[in-house]
Amino acid sequence: MDKFDDKGYFDAFIRTAQYLATLSPEADFWLQLGKVMTVFFGADLAIFGELKQGEACIHHCTSTDERLCAGIFAGTQETMAQVLESGFMASEVIRVPEPYSVAFLPIIQESRPIAVMAVAHRSASPLPKGALNIYLAVAGLAGTTLANLASQERLQQSKRDLEKALEEMQKFARLASHDLQEPLRMVASYVQLLQKKYANQLDAKGAEYCSFAVEGAVRMQDMIHDLLQYSRIDTKGEPFRPTDLEIVLRNTLASLGADIETSGAEITHEDLPTVIADPSQMKVLFQNLIGNAIKFRSIEPPLIQVRVQKQAGEWLFSVKDNGIGIDPRYTQRIFDVFERLHRRGEYPGTGMGLAVCKKIVERHGGRIRAESQVGRGSTFFFTIPALQD
Ligand code: ADP
């Protein structure tokens, strides 16, 4: 073989390694490996075979010269089968009718030969040992690449499965909560009717049970409503656009007007920036955080500070209150769905507000967390990516 000196083979091996490393699971691996053998190593032909019912068969050939391909395969089929069974390399010169020097390399995955690569160079002399060693290394590389691609593919598949399952779950949650609303309305209104119509016949216990039933139904309606809102954050969000948070905050405070007035809350804020966001969701975010700051107030009138500072490509917002505070052990849990730290009836709410906030912030590529101590007020921090200057 004078086509390549050992160095030439070695360089081709390095390029092969680099090339194989770029392959994605979508690439037709055998086709690419075949190209490598002809382009980098100047092989006249490469045949890839596997065992089927004890016999070697072709699953890819690089040449369009079918007669040559069939001829070489027929002449080497037995050796290919041996290599596939034993996992050892072989090499021979065959005539079809011109002489071809063929190297047979097992492609091993999980210590099992899964395929054989037969590389043929038109030559009457056998391939030099150096070349055979390099080819053996290429076959080793091919086995690892193949395993890598399979695991990448498995990973992508499980990601696709997960996304599909999530989508289905959200669809289910949406449908279920939508469909549940109707019968629930019926339960609430019929128990109310019962209360009204049989008011004279019901004793104190009976009337109490009816109120519990109505209360339960109304609470469930609220929970379903909030769950629906939660499930729509990702699926029914508006497209992002430049959003002036000064305007958003102004609208939020207008919506909270009655609560602000009755609680005597004082709300201060720094100049808020314009961000790329879903304006309606930004309003929900501020409304939930400021609403909580008012709801969970101490005996003092609420003092709420909205602040913002720019840091490494993002805005860090904070909403600080002087309310009842939260035990630091629970400052993560409160962002879970339906998570509340108080007995029912103590404060209104379903425990979805902060879960909604978290999902909104995450949809915008930010993070949210809380710092607090019981009796010392709470501060909620969240980030939103900043507009590029
Ligand atoms: P909800 O307000 O409906 O109870 P949230 O998800 O908004 O639900 O809040 C979860 C829990 O976190 C609340 O029940 C409350 O115990 C606690 N919490 C939230 N915000 C504050 C706050 N500013 N001060 C004290 N506790 C808070």
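Across the chain, C-alpha contacts under 8 Å between residues 6 or more apart give a mean separation that, scaled by the residue count, equals a relative contact order of 10 percent. Return one number: the angle in degrees, 0 to 90 and rounded to the nearest 10, between the long axis of the Cα atoms of helix 353-363 and the longest principal axis of the Cα atoms of the chain. In the chain, helix 353-363 runs at an angle near 30 degrees to the longest axis.
Basic side chains Lys and Arg get +1 at the Cβ, acidic Asp and Glu get -1 at the Cβ, and with that the dipole of the chain about its Cα centre reaches some 980 debye. Summarising the amide proton neighbourhood of Thr274: residues at separation of 5 or more, or on other chains, whose placed amide H is nearer than 5 Å comprise Leu245.
Taking the charge dipole of the chain about its Cα centre, with +1 at Lys and Arg Cβ atoms and -1 at Asp and Glu Cβ atoms, the residue from Met89, Ser298, Gln77 reaching farthest to the positive side is Ser298. When both bridge partners sit in region 274-389, DSSP labels roughly 95% of those beta bridges antiparallel. Of the chymotrypsin sites (Phe, Trp or Tyr not before Pro) found in region 166-220, those that fall in a DSSP loop while having at most 15 other beta-carbon atoms within 10 Å are Tyr198.
Per residue, the accessible area of the chain comes to 56 Å² when a 1.4 Å probe rolls over the protein heavy atoms.
Backbone phi angles across region 106-116, fed through the Karplus curve with coefficients 6.51, -1.76 and 1.60 (θ = phi - 60°), yield HN-Hα couplings of x, 9, 9, 10, 6, 6, 10, x, 9, 7, 10 Hz in residue order; Gly and Pro are listed as x. In this structure, the amide hydrogen of Ala115, modeled 1.01 Å from its nitrogen in the peptide plane, lies closer than 5 angstrom to those of Ile107, counting only residues at least 5 positions away or on a different chain.
Annotation note: GluC sites (Glu not before Pro) in region 1-107 located in DSSP loop regions with a Cβ neighbour count of at most 10 within 10 Å are Glu26. Using Cα atoms only, what is the angle between the long axis of helix 29-39 and the major principal axis of the chain, expressed in degrees (0 to 90) to the nearest 10? Once rounded, the angle reads 40 degrees. Expressed to the nearest 5 percent, the antiparallel share of DSSP beta bridges inside the chain is 90 percent. In a reduced charge model with +1 at each Lys and Arg Cβ and -1 at each Asp and Glu Cβ, region 1-112 shows a dipole moment near 100 debye about its Cα centre.
By the Cβ distance rule (another cysteine Cβ under 4.7 Å), the unpaired cysteines of the chain are Cys57, Cys210, Cys357. For the residue pairs Lys320/Lys359; Lys197/Lys283; Lys164/Lys310, alpha carbon separations beyond 31 Å are given by Lys197/Lys283; Lys164/Lys310. In the chain, excluding the sites themselves, the longest stretch lacking any of the trypsin sites (Lys or Arg not before Pro) that are in a DSSP loop with at most 16 other Cβ atoms within 10 Å is 4-235.
For region 170-178, backbone phi angles converted through the Karplus equation (6.51, -1.76, 1.60; θ = phi - 60°) give residue-by-residue couplings of 5, 5, 4, 4, 5, 5, 4, 5, 5 Hz, Gly and Pro being listed as x.
The residues Asp259, Asp226, sorted by heavy-atom accessible surface at 1.4 Å with ligands and nucleic acids left out, run Asp259, Asp226 from largest to smallest. Measuring how big region 1-78 is from its alpha-carbon positions, Rg and Dmax come out at 14.1, 40 Å.
Helical runs assigned H by DSSP (4 residues or longer) give the chain a calculated mean residue ellipticity at 222 nm of -17500 deg cm²/dmol, each run adding -39500 (n - 2.57) before division by the residue total. Taking max minus min of the alpha-carbon positions on each principal axis, the chain gives extents of 107, 58, 35 Å, largest first.
Helix 204-235 versus the longest principal axis of the chain: what is the Cα-based angle in degrees, 0 to 90, to the nearest 10? Rounded to the nearest ten degrees, it is 40.
Remark: relative contact order (region 181-338) = 18 percent; criterion is Cα-Cα distance under 8 angstrom and separation of 6 or more residues. When a 1.4 Å probe is rolled over the protein heavy atoms, the share of accessible surface on the chain that falls to carbon and sulfur comes to 53 percent. Using θ = phi - 60° in the Karplus curve 6.51 cos²θ - 1.76 cosθ + 1.60, the 3J(HN,Hα) couplings for region 315-332 round to 9, 10, 9, 9, 10, 10, 10, 10, x, 5, x, 9, 4, x, 5, 9, 5, 9 Hz; x is entered for Gly and Pro.
The values are calculated or read from the model by the stated rules, or taken from the named source; none is laboratory data. Worth saying up front: this structure is predicted, and the values here are computed from it rather than measured. Positions of Cβ are generated from backbone atoms using ideal geometry, with glycine treated the same way; all protein chains shown enter the neighbour counts. The protein model used for the area step is the full one, side chains on, heavy atoms only, and it has no ligands, DNA or RNA in it. Shrake-Rupley method; radii C 1.70, N 1.55, O 1.52, S 1.80 Å.
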